[in-house]
Amino acid sequence: MKGFKGISHSKLHVAALLIIMPAVFIAAHLLSGCTKAQTSWMKGGELKTSAKGRSAKRTITVLMVPKIKGIDYFNACERGATEAAKELGNIKLIYEGPTEARVEAQIQLIETWILRKPDVIAVSCNDPVAISSSLKRARQAGIRVLTWDADADPKRSGREFFCNQATFQDVGYALVDEMAKQVGADAQVAIVTSSLTAPNQNEWMKWMKRRMQTKYPRMKLMTIQPSEEDQQLAYQKTQEIIRAYPNVRGIFAISSVAFPGAAQAVRDLRKSGKIAVVGLSTPNVMRPFVKDGTVKTVILWNPVDLGYLTIYAARALVDGELKLGMKKLKAGRLGEVEVRGDEIILGPPIKFTKDNIDKFHF
């Protein structure tokens, strides 16, 4: 071998090893340090990409199902959900629902999507019992299940968490307290609800009745009428109530569609200021009735924030960050929201009046 004349092959091997081995040890040490600091795999499909803790989570598909598409309330929920999905950057959001508030249409949609296997199905339920079998099948197929706005039967459905806009007690009490403030503690009142199976409306009415019994025992509930998320039917039912009960002094309208229908009926019968209309709907829909004095107070929460919270909950559920027993959930611009058992609470209801309604646009 030229340049190594007279040196045995064994001595050459030793010399080569002395040159190579330090470099090998240095490279191994550097690779070991890099692995610990920069490239460790985490559970749930998360990869830490730097020593500073930045992470790239896998993209998940979330099917979000409202009770009905195309009305202002659920349009606002969709806006919030879209905002959260863009903010997180790793959410493929599918916002799809029926054009009528029918649980059968929701069931058909969910059954179709079970075959496509999204990561999460989040539903605002038209019927807590009827929808439960489909949600249970989704869970059995390995799909995570949330409810929002209106819950399913927790045991029958196997749903994991409910994103609740406000506690049922807070909403029920706020409605009755506002009515008593407007018409007195001994007035005759009636309720126009959505459907008689709607889970959130039934829970609100339970607490409304309890508030009447304990704080306003002379307030008399004359009738409860369903409007099936149909504004024209709510209008019709309200007129029927006023004709059937001429001494009624207050109408509770406890869905976002029932409230404008009831207010329009009171206005058209020239009962504004004589019959109070108290309920739940969006500021944009109710603004004309508040401005002309037909309605004094609109009670709701921010549906944009409810949609936003639902997407953060879906991401946390998949990542293992949302678990039973925890007390708080971090949800982007909402900060930390309360977790109470298997419910995530958006916050207390908001009251919109002539003084503040123009500040809200949903």
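No lab work stands behind these numbers, since they all come straight from the coordinates. Treat the numbers as computed from the prediction; the structure is a model and nothing was measured. Glycine also receives a Cβ, built like all others from the backbone with ideal geometry; neighbour counts cover every protein chain displayed.
A few remarks follow.
- At 0.890 mPa s and 25 °C, Stokes D of the stretch 116-180 from Kirkwood alpha-carbon radius, µm² per second: 193 µm²/s
- Descending by average beta-carbon neighbour count within 10 Å, the peptides 229-239, 319-329 line up as 229-239, 319-329, the highest first.
- Sorted peptide list for 70-83, 283-296, 254-267, criterion being average Cβ within 10 angstrom, highest first: 254-267, 70-83, 283-296
- The length gained on full extension between Asp355 and Arg156, counted as 0.36 nm times the residue separation minus their Cα-Cα distance, comes to 67.2 nm.
- Whole-percent pair-distance distribution, where bins are 10 Å wide, for the alpha carbons of the stretch 74-142: 18, 47, 32, 3
- Whole-Å distance, taken between Cα centres, linking the stretch 146-178 and the stretch 285-315: 16 Å
- Taking 20 °C and 1.002 mPa s as conditions, the stretch 168-300 diffuses translationally at an estimated 152 µm²/s according to Stokes-Einstein applied to its Kirkwood radius (Cα pairs).
- Farthest towards the positive end of the charge dipole of the stretch 168-300, among the residues Ile242, Ile224, Leu300, is the Cα of Ile242, using unit charges on the Cβ of Lys, Arg, Asp and Glu.
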